[in-house]
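Okay, structure first, notes after.
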Amino acid sequence: MAPLFLFWTALCLVMLPFVADLASFGLAASGLAALAGYAWVSRRRRRLGEAEVDRTWLEVLNRTRHDWLNHLQVLSGYGKLHQYGKMERYIQRVMEQAACESRLCHLGYPPLTRYLLACAAERGNMVVDVSVCADFSLERLTLSAADVCRVVQAVVETYRDAATGDGAVPNTLTLILENGDGRLHVRTRFAGRLDEAAFRKGLQRLARLLRALDGVLVDGTGEKEAERGKVRVSLVS
């Protein structure tokens, strides 16, 4: 729409010196008003988008703070009970989690990092446990970073749209990102309850997206893995 508004405004302004009547002024004014209106709407949409990003990040930070306070309480409890073996194992687990979060922060594509951190922080009907392998790198993939983000979002939303339950015992989705030979490999493991009809529809949408990106969906039903392709999504039961 912006090019049309710009063209209309420019045309009115060019015609203005040659047609000195009220109609020409009206056309020019209407073009400028339309351009100003479009600019206002664009700014409004941008502010709303920024507000949504800010809200998401505040939720992520709040959840992260809450999780670390829980870790400290657990470690303090083990220390008071002199259960140093359990304390050491728990510290190791926390360090592995911190290393994974560090890899998320260094993916090199902020939209994907924001999405994965938000997924990991959410505590609704479905908890997403994100794991990025140590050698994972977007630069090694033949798939663009934007398409990687599209695939990851499609995988998560396929499960989220089909997850059922009241949230008292949340469903858990484990999402593992790997790369090999330039190909993205997304592995999932789900524990919980799914609406089978909704899940099948979601898988159909996911399969279409993967085919468009030269990829394949391996759902554990005996489908042969593609010899080549830019992306593979494996659903592990």
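For this structure, a couple of remarks:
- Per-residue accessible area (protein heavy atoms, 1.4 Å probe) orders ILE176, ILE91 as ILE91, ILE176, starting from the largest.
- P(r) tail fraction, the range 91-237 - alpha-carbon pairs more than 23 Å apart, %: 34 percent
- Ranking ARG150, ARG114 from most to least accessible surface, computed with a 1.4 Å probe over the protein chains only, gives ARG150, ARG114.
- With every protein chain in place, the range 120-193: carbon and sulfur % of accessible area (1.4 Å): 45 percent
- LYS201 contributes about 130 Å² of solvent-accessible surface, heavy atoms of the protein only, 1.4 Å probe.
- Largest first, the residues MET126, MET95, MET87 sort by 1.4 Å accessible area into MET95, MET87, MET126.
The values are calculated or read from the model by the stated rules, or taken from the named source; none is laboratory data. Note that this is a predicted model, so its numbers are computed, not measured. Side chains are part of the model used for accessible areas, which takes the heavy atoms of the whole protein and leaves out ligands, DNA and RNA. Shrake-Rupley method; radii C 1.70, N 1.55, O 1.52, S 1.80 Å.
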